[in-house]
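Working notes, structure below.
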Amino acid sequence: MTRKPTAYILLLVTACVLLAACSPDGDHMRQRLQYVSDCNRADTVFTERWLPTVDSLVTYFDHHGSANERMMTHYVQGRVQHDMGEAPQALESYQKAAEQADTTRFDCDLYTLSAIYGQLADLFHAQYLPDDEMQALQMTERIAWKDKDTLYALKAYELRIRPYHLNEEKDSMLFIVRRAREKYLTAGYRKEAAQVGYIALNICLDRQNVSEAKQWLDIYEQESGNFDEKGNLIYGGMFYYDKGRYLLLTGQPDSAKLYFEKTLSSGLPEAGYKGLLSVYEQKKKPDSIAKYAKLFANANDSNFMHVNQRQVEQVRANYNYQKHEREAHELKAKNDRMRVYLLLLSSAVVVMLLLAGLVAVRRRYKRQLVQSSMGKTDLLRYSYEQKTEQQKLSEREQVAGSTIYAAIQSHLGKAGDVPLSDDEWELLHQTVNAIYPNFREKLTSLTPMNNFEYQVCLLLKIGVKPSDIASLTAHSRESVTSSRRRLYEKAMKKSGKPSDWDALVTIL
């Protein structure tokens with residue numbers, strides 16, 4: 001009986017020795033990783049020939065590397081897949097890369113971590129997933145601030161415009177533009193502060209808000225740095241079109257015509273012909289209207305073909321996501337080539353015993369996790385039920401009489417979305433945790449959550465309606481609804497309704 005365990009130990013020790021002997025030299029692998037990383041920073045367009053290199057780096061550093069090295073290898077693997085158009089694989093690699101980061105260590109590579117979330121945001125935007133994109137951008141900004149990279153953090157904040165654009169939330173886009181401009185100016189980035197205003201210019205022109213459009217137009221022309229000494233654009237051409245739109249709105253069709261012709265010269269026929277058509281419609285010249293209507297229609301048809309092709313590519317990409325999920329387990333097994341050495345030296349009996357043990361441990365862990373979650377909610381519910389009605393009434397009165405509650409009611413009384421400021425969020429956090437001791441700790445004992453999710457819970461706790469929460473957080477109602485449902489599912493490990501999570505927050 002004593003010989004068998006000894007034999008197994010000797011077998012495993014021999015396997016480890018042989019595996020180490022067959023493993024590549026660590027310094028050599030680090031040099032290869034540094035080379036791929038440098039190529040990525042130099043904006044190299046990766047092709048399929050890079051896959052064997054990055055796959056071998058992932059396999060090696062997953063077993064031998066530090067947290068930073070593991071994060072970098074999965075990140076560059078994702079960059080190669082991203083450039084190859086393999087969006088599902090790239091998404092999985094970026095997520096694995098982010099999981100490797102140890103942000104508690106002083107030497108954590110925050111620069112790479114923020115870049116990872118930036119790439120995730122780009123992928124989510126390309127797939128028309130605005131809520132996921134918003135979360136990735138918030139993480140990008142948070143990590144960039146921690147890394148003291150002010151410009152990158154502000155760029156991440158500015159990019160919140162994109163998910164609002166996908167949801168066609170123009171008011172939210174304007175709010176982000178104005179806040180981003182303030183932040184850029186405070187940090188001393190005058191050009192960036194002017195450039196971000198171009199989005200606001202477009203929205204104001206669409207709404208025929210001439211006075212505000214004039215303000216953004218002047219800022220862009222005078223401060224963006226996108227014009228040469230003669231007032232010509234250094235790059236691009238859409239500004240000419242928007243300048244023409246403004247001139248047309250202010251009754252200057254001849255001046256507008258010159259800018260629409262500049263739009264054509266910049267290689268933008270659809271916008272140029274559309275602008276010229278508007279000029280002659282304002283001048284009421286039938287022959288010119290007919291001429292430019294036909295030219296605009298032809299340019300529009302050409303552009304439609306390109307847009308339609310992009311939509312086909314989006315459908316194909318979404319299909320690839322679903323297909324990738326079905327093949328994920330097979331691909332994961334094939335990618336881990338280094339384990340072949342150990343499998344060749346291990347007996348089938350040992351492998352089966354190990355697998356059986358892992359399955360048993362995993363099942364027991366899941367069972368304990370569910371039991372633990374249920375135990376916590378039962379304990380919280382019991383504690384809530386022990387409170388007298390007088391105590392509950394007193395808590396509600398304290399909330400209603402607080403400074404922050406009055407501020408929130410003032411926000412809700414105004415037209416449009418008026419989100420809380422950072423100082424008001426901090427006051428709300430302090431007030432709620434003072435009236436309901438350890439509120440945040442109780443929340444996070446149920447499930448981890450990001451800043452937006454915590455803000456939703458704070459407002460739920462003081463009785464703010466979900467429809468008003470969207471206004472106070474500058475998010476869509478759909479975002480608030482999905483976050484509540486997602487929190488319940490993470491906490492309870494089962495499906496539920498947003499109102500189920502609201503009920504849990506009530507008893508904390």
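The values are calculated or read from the model by the stated rules, or taken from the named source; none is laboratory data. Remember, predicted model here, so these are calculated numbers, not experimental data. So basically every Cβ, Gly included, is an ideal-geometry build from the backbone, and we count neighbours across all protein chains shown.
Filtering the stretch 383-403 for residues that are under 21 Å from residue 502 (Cβ atoms), more than 25 Å from the chain's Cα centre (by Cα), of a type in the set (A, V, I, L, M, F, W, C) and loosely packed, with under 13 Cβ neighbours inside 10 Å leaves a non-empty set. Could you say whether any residue in the stretch 469-488 is more than 18 Å from the chain's Cα centre (by Cα), within 25 Å of residue 179 (Cβ to Cβ) and surrounded by fewer than 17 Cβ atoms within 10 Å (Cβ to Cβ)? No, every residue in the stretch 469-488 fails to be more than 18 Å from the chain's Cα centre (by Cα), within 25 Å of residue 179 (Cβ to Cβ) and surrounded by fewer than 17 Cβ atoms within 10 Å (Cβ to Cβ). Checking 412, 428, 420 one by one, the residue that is at pLDDT below 90 and either out of contact with any Phe, Trp or Tyr (no Cβ under 6 Å at 6 or more places or on another chain) or closer than 24 Å to residue 393 by Cα (or both) is 412 and no other. Mind listing whichever residues of the stretch 491-502 are part of a helix (DSSP H, G or I) and either modelled with pLDDT under 90 or buried (at least 21 other Cβ atoms within 10 Å of the Cβ) (or both)? Correct list: 491, 492, 501.
Just a yes or no: is a residue in the stretch 224-233 surrounded by 21 or more Cβ atoms within 10 Å (Cβ to Cβ), at pLDDT below 90 and farther than 24 Å from residue 180 by Cα?
Filtering the stretch 224-233 for residues surrounded by 21 or more Cβ atoms within 10 Å (Cβ to Cβ) gives none.
Within the stretch 224-233 (the criterion being surrounded by 21 or more Cβ atoms within 10 Å (Cβ to Cβ), at pLDDT below 90 and farther than 24 Å from residue 180 by Cα), the answer is no, since none of the residues qualifies.
Quick grid of which residues meet (1) among the basic types (Lys, Arg); (2) buried (at least 17 other Cβ atoms within 10 Å of the Cβ):
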position: 258; (1), (2): no, no
position: 274; (1), (2): yes, yes
position: 285; (1), (2): yes, no
position: 289; (1), (2): no, yes
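Checking each residue in the stretch 214-252 for being of a type in the set (Gly, Ala, Ser) and on the phi < 0 side of the Ramachandran plot picks out 224, 237, 244. All conditions in (1) under 26 Å from residue 170 (Cα atoms); (2) in a helix (DSSP H, G or I); (3) over 23 Å from the mean Cα position of the chain (by Cα) hold for residue 505, with the sole exception of (1). Among the residues of the stretch 154-186, those identified as among the hydrophobic types (A, V, I, L, M, F, W, C), surrounded by fewer than 21 Cβ atoms within 10 Å (Cβ to Cβ) and over 26 Å from residue 233 (Cβ atoms) are 166, 175. When 109, 62 are checked against the criterion of being surrounded by 21 or more Cβ atoms within 10 Å (Cβ to Cβ) and on the phi < 0 side of the Ramachandran plot, 109 stands alone in meeting it.
Within the stretch 104-129, the set of residues being without any contact (Cβ under 8 Å) to a residue 24 or more places away in the chain and farther than 28 Å from residue 477 by Cα comprises 104, 106.
Being in a helix (DSSP H, G or I), within 24 Å of residue 485 (Cα to Cα) and without any contact (Cβ under 8 Å) to a residue 60 or more places away in the chain: is that true of residue 132 here? Even if it seems obvious, please write down each step before you answer.
Working: in a helix (DSSP H, G or I): yes; within 24 Å of residue 485 (Cα to Cα): yes; without any contact (Cβ under 8 Å) to a residue 60 or more places away in the chain: yes.
Taking the combined requirement at face value, the residue satisfies it.
Residues in the stretch 122-132 that are under 15 Å from residue 83 (Cα atoms) and aliphatic (A, V, I, L, M): 123, 126.
Taking each residue of the stretch 397-424 that is within 16 Å of residue 465 (Cβ to Cβ) and in a helix (DSSP H, G or I) and looking for partners that are of a type in the set (Asp, Glu) and at pLDDT 90 or above with beta-carbon atoms closer than 6 Å, six or more apart or interchain, yields 412/468. Of the residues 489, 478, the single one that is at negative phi and in contact (Cβ under 8 Å) with a residue 24 or more places away in the chain is 478.
Examine the stretch 55-65 for a residue that is in contact with a Ser or Thr (Cβ under 8 Å, 6 or more places away or on another chain) and over 26 Å from residue 106 (Cα atoms), and state whether such a residue exists. Before the answer, list the steps.
Of the residues in the stretch 55-65, the ones in contact with a Ser or Thr (Cβ under 8 Å, 6 or more places away or on another chain) are 57-58, 60-62, 64-65.
From what's left, over 26 Å from residue 106 (Cα atoms): none.
Looking for residues that are in contact with a Ser or Thr (Cβ under 8 Å, 6 or more places away or on another chain) and over 26 Å from residue 106 (Cα atoms), one finds none in the stretch 55-65, hence no.
Of the residues making up the stretch 114-141, those that are under 8 Å from the mean Cα position of the chain (by Cα), aliphatic (A, V, I, L, M) and crowded, with 22+ Cβ neighbours inside 10 Å are 120, 121, 134, 136, 137.
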